[in-house]
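Since the structure comes first, as structure tokens, the remarks are kept for the end.
The values are calculated or read from the model by the stated rules, or taken from the named source; none is laboratory data. These numbers come from a predicted model, not from an experiment. All Cβ positions, glycine included, derive from the backbone under ideal geometry; neighbour counts span all protein chains shown. Calculation scope for accessible area: heavy atoms of the full protein, side chains included, ligands and nucleic acids excluded. Shrake-Rupley method; radii C 1.70, N 1.55, O 1.52, S 1.80 Å.
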Amino acid sequence: MTRGGGASYHWLTEHKIAHRGLHDFSKGIVENSLSAARAAACAGYAIECDVQASADGEVVVFHDETLERLTDGAGRLDALSHFEIARLTLRGTREGLPTLRDFLATIGGHVPLFIEIKSRFDGDLALARNVAEIVAHYHGLAAIESFDPAPIAELRTHFDAFGIVGVPLGIVAQASYEGADWSFLTAAQREELTQFSHVERTRPDFLSWNVADLPHEIPRRCREERGVPVTTWTVRDAEQAKAALAFADQIVFEGFTP
């Protein structure tokens, strides 16, 4: 396994990482919102967020492919222009869906940010390139990650041209990619993810591994043989956090205050 750029990013594991920000729906703070970002930053936590592209290429901070669970809208997010998305509000609030630029401006470099590129595994690299362009002009600590090796390999290959030389690139992963949630994968894609055989293309600076799949040989090798830091998601209580930190360097948490 070859490490990305040979750099050491100690900050990747210095702070506990709030999954989609420090959200609490009972308090009107929705995941991936500016309120969730502010709450996490005020508490001194790093932040993980998800990004997708609007129909016209704007980078929007939002997890789901569809709008119904978290907004007053319906249908696929990527079917709407950023002007149409700007008219939506997050359920139970007066907040809109933030763009990545909004999110970065709100954090203002106060805490680290982990940006997960959501992907359909279809070879479309436009979102990755747009994220890189935005992050290249950000003066805070930010990392870019994805389940999909293709955008990370693209950014790894062209990181100098994209202006993200100092930005760590990571892979989000787990032990198995069977089941309905992964039915869109080809057999070759599923094998590559399961075997972690993309590693020579992606050369991750860090790994974010499913807490339900610890311990496991892949994160063990990343940590012990190559010095690649491992975070683990999504930790939901203190007992799980304690157990996870025997096999990982930091937690990505939700639903409690560690």
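The three principal axes of the C-alpha atoms in the range 151-258 carry coordinate ranges of 43, 34, 28 Å, sorted with the longest axis first.
Electrostatic tally near Ala143: other residues with Cβ closer than 10 Å to its Cβ, Lys and Arg +1, Asp and Glu -1, net -4.
Report, for the chain, the % of DSSP beta bridges that are antiparallel, rounded to 5.
Working: 7 of 35 bridges.
The antiparallel fraction comes to roughly 20 percent.
Quick one: pull the percent of accessible area on the range 90-195 belonging to carbon and sulfur, 1.4 Å probe, ligands and nucleic acids left out. Summing carbon and sulfur atoms, their accessible area is 49 percent of the total for the range 90-195. Just so you know, the Cα atoms of the chain work out to an Rg and Dmax of 17.3, 49 Å. Normalised per residue, the accessible area of the range 1-141 is 45 Å², obtained with a 1.4 Å probe and no contribution from ligands, DNA or RNA.
Please work out how much length the chain gains when fully extended from Ala79 to Leu245, using 0.36 nm per residue of separation minus the C-alpha to C-alpha distance, in nm with one decimal. Show your work: numbers first, answer last.
Working: separation 166, 0.36 × 166 = 59.76 nm, distance 4.02 nm.
Gain in length upon complete extension: 55.7 nm.
Contact order, relative form, for the range 112-258: 17 percent (alpha carbon pairs under 8 Å, 6 or more residues apart, mean separation divided by residue count). Averaging the sequence gap over all C-alpha pairs within less than 8 Å and six or more residues apart, then dividing by the number of residues, gives the chain a relative contact order of 19 percent.
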